[in-house]
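Here is the structure we will look at.
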Amino acid sequence: MTKTTKPLVISIPKGRILEEISPLFKKVGLIPEKAFFDESSRKLRFSTNQKNVELIRVRSFDVPTFVAFGAAQIGIAGSDVLNEFDYPDLYTPVDLNVGKCRMSVAAPAEWAKDKEFLRQSHIRVATKYPNTTKRYFAAQGIQAECIKLNGALELAPTLGLCRRIVDLVSSGATLKANGLEETDVIAQVSSRLIVNRVAFKTRSKEINAWIKAFQKAVEA
Ligand code: PRP
């Protein structure tokens, strides 16, 4: 009986990052089936030109979960998500230099310059990143009560939910369109190649080859 090798599964975040990932894939010689870059396709699992490599397309917050539990062996995840969850089972060997943006605190323009606000010991913040937000404000002696939202955060201050939000900012267009201003930058964000630590040991030859290929593609 011939031994079958399980495909190597790479977990990729859906959304606008896909456009930036496409040239990287070309450089490492990974060509996904057509449906992968078609956001209207309902498929979640995709074949590639590499016989033993498959891609899955999932929500950005779920990429590290699939890799940490070994459902996928490799993934591409934002440093925003990795810092929020701090998975011990993940190894992050390469900064891919894509998906670059920043994580910032923002407020409605009329409150942005209110220094009194940050003299309070307790504030309410809407965010997708409660752990990172709590840590950031705690370092300034402020207890942040976080309201977890999964999107449309920019609505929260104007509807009276909170006075501050913590979210990703890229062009700044979303903040501007909703009358908000950036008050502080918490961290610079970029996408990282992530690897399941157990798979890294059991399939080291294969996985090391991909790590090297991505490293070379970033340096090129
Ligand atoms: C992100 C983020 C902001 C927006 C910032 O959301 O949560 O809303 O992008 O980008 P900008 O500064 O260029 O306007 P995204 O569009 O990824 O959608 P999501 O909220 O569903 O994650």
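The values are calculated or read from the model by the stated rules, or taken from the named source; none is laboratory data. Computed from a prediction, not measured in an experiment: that's the story for all the values here. Quick reminder, even Gly has a Cβ in these numbers, built from the backbone with ideal geometry, and neighbours come from all protein chains shown. Accessible surface areas use protein heavy atoms only, side chains included; no ligands, DNA or RNA. Shrake-Rupley method; radii C 1.70, N 1.55, O 1.52, S 1.80 Å.
Numbers at a glance
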quantity	calculated
Region 124-141: number of residues that are modelled with pLDDT of 95 or more and either more than 30 Å from P13 (Cβ to Cβ) or in a helix (DSSP H, G or I) (or both)	9
Some residue of region 190-197 being open to solvent by less than 40 Å² (accessible area, probe 1.4 Å), under 19 Å from the mean Cα position of the chain (by Cα), within 14 Å of the ligand (Cβ to nearest atom) and not acidic (D, E)	yes
Flag for K27 being open to solvent by 10 Å² or more (accessible area, probe 1.4 Å), within 15 Å of the ligand (Cβ to nearest atom), at pLDDT 95 or above and under 25 Å from V189 (Cα atoms)	no
Only listed residue being part of a helix (DSSP H, G or I), farther than 26 Å from S171 by Cβ and over 15 Å from the mean Cα position of the chain (by Cα), chosen from E110, E116	E116
Tally, over region 169-215, of residues that are part of a helix (DSSP H, G or I), charged (D, E, K, R) and not assigned by TED's automatic domain parsing to the domain that holds A152	5
Selection within region 30-42 - closer than 18 Å to G75 by Cβ and open to solvent by 70 Å² or more (accessible area, probe 1.4 Å)	F37
Listing of strands (runs of 3 or more DSSP E) fully contained in region 1-83 that carry 1 or more residues being under 12 Å from the mean Cα position of the chain (by Cα)	8-13, 53-58, 74-78
Residue satisfying condition, being surrounded by 16 or more Cβ atoms within 10 Å (Cβ to Cβ) and under 18 Å from the mean Cα position of the chain (by Cα), within set F200, F214	F214
Scope region 95-108; condition open to solvent by less than 10 Å² (accessible area, probe 1.4 Å), away from the ligand (no atom under 13 Å from the Cβ) and either of a type in the set (A, V, I, L, M) or in contact with an Asp or Glu (Cβ under 7 Å, 6 or more places away or on another chain) (or both); matching residues	L96, V105, A107
Condition check for G151: modelled with pLDDT under 95, more than 18 Å from L82 (Cβ to Cβ) and more than 13 Å from the ligand (Cβ to nearest atom)	no
Filter result (open to solvent by less than 70 Å² (accessible area, probe 1.4 Å) and more than 12 Å from the ligand (Cβ to nearest atom)) within region 162-180	C162, R164, G179
Criterion violated by I207 - all others in (1) away from the ligand (no atom under 16 Å from the Cβ); (2) modelled with pLDDT under 95; (3) under 29 Å from Q73 (Cα atoms) satisfied	(2)
Region 118-133, subset touching a strand residue (DSSP E or B) at 6+ places or on another chain (Cβ under 7 Å) and more than 16 Å from the ligand (Cβ to nearest atom), residue most open to solvent (accessible area, probe 1.4 Å)	R124
Residue that is nearest to the ligand (Cβ to nearest atom) [pool: residues in region 134-148 that are touching a residue at least 12 places away in the same chain (Cβ under 8 Å) and open to solvent by 70 Å² or more (accessible area, probe 1.4 Å)]	K148
